[in-house]
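Below you'll find the structure, written out as structure tokens, and then a few comments.
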């Protein structure tokens, strides 16, 4: 065998690779916070809903976050996570009194908007992990896990570092990496 025949990154052929290609085409593949469907569109449904940016344009999302999201983003999180406003306020580290003021103003501050998008992103990632099963995704987000020090992924995601831990855990679970 010559050195030219010893390629390192040659994809395997066979039953498994064909099955995986069909699975990706049929159900979508989660990669880095996005679900790729056979239509070629990138879907991140809750993030798109809370930001109002359906195109997936990060530039447009960033602009909306900097301007401050509409307060309705909080209600959308409540609906998606089957949570009360008090629970959402706790996860976002926003006092209820501040949230009530934001409701009157009609929009959130930049840092609050950023936390809303962070939580929406994790919710979308959990939804992808559970292959689109909303009830299973919400149940997983609310279930205390030993690997997160006995906190639920929602509780653990109350800080940026905690959210990264949850995102990392979702990635490991999706790719079968034992923790």
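Here's the yes/no breakdown for (1) at pLDDT 90 or above; (2) under 30 Å from residue 176 (Cα atoms):
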{"site": "18", "(1), (2)": "no, yes"}
{"site": "24", "(1), (2)": "no, yes"}
{"site": "28", "(1), (2)": "no, yes"}
{"site": "39", "(1), (2)": "no, yes"}
{"site": "52", "(1), (2)": "yes, no"}
{"site": "71", "(1), (2)": "yes, no"}
{"site": "80", "(1), (2)": "yes, yes"}
{"site": "93", "(1), (2)": "yes, no"}
Check: Has region 138-155 got at least one residue that is over 19 Å from residue 78 (Cβ atoms), touching a residue at least 60 places away in the same chain (Cβ under 8 Å), under 18 Å from the mean Cα position of the chain (by Cα) and surrounded by 15 or more Cβ atoms within 10 Å (Cβ to Cβ)?
Finding: no
Next item on the list: Only helices (runs of 4 or more DSSP H) wholly contained in region 64-110 count here; list those with 1 or more residues that are over 25 Å from residue 140 (Cβ atoms) and within 21 Å of the chain's Cα centre (by Cα).
Entry: 72-81
Item checked: Number of the exception - residue 159 against (1) within 18 Å of residue 87 (Cβ to Cβ); (2) surrounded by 14 or more Cβ atoms within 10 Å (Cβ to Cβ); (3) in contact (Cβ under 8 Å) with a residue 12 or more places away in the chain -> (2)
Note to self: Residue pairs, Cβ under 6 Å, 6 or more apart or interchain, first in region 79-97 and under 18 Å from residue 47 (Cα atoms), second at pLDDT below 95 and assigned to a loop (DSSP other than H, G, I, E, B). List them.
What the structure shows: 91/158
Notebook entry, point to check: Which of (1) at pLDDT 50 or above; (2) crowded, with 18+ Cβ neighbours inside 10 Å; (3) within 23 Å of residue 152 (Cα to Cα) does residue 34 not meet, given it meets every other one?
Noted result: (1)
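The values are calculated or read from the model by the stated rules, or taken from the named source; none is laboratory data. All values reported here derive from a predicted model rather than from experimental measurement. Methodologically, a virtual Cβ is constructed for each residue, glycine included, from the backbone with ideal geometry; neighbour enumeration extends over all protein chains shown.
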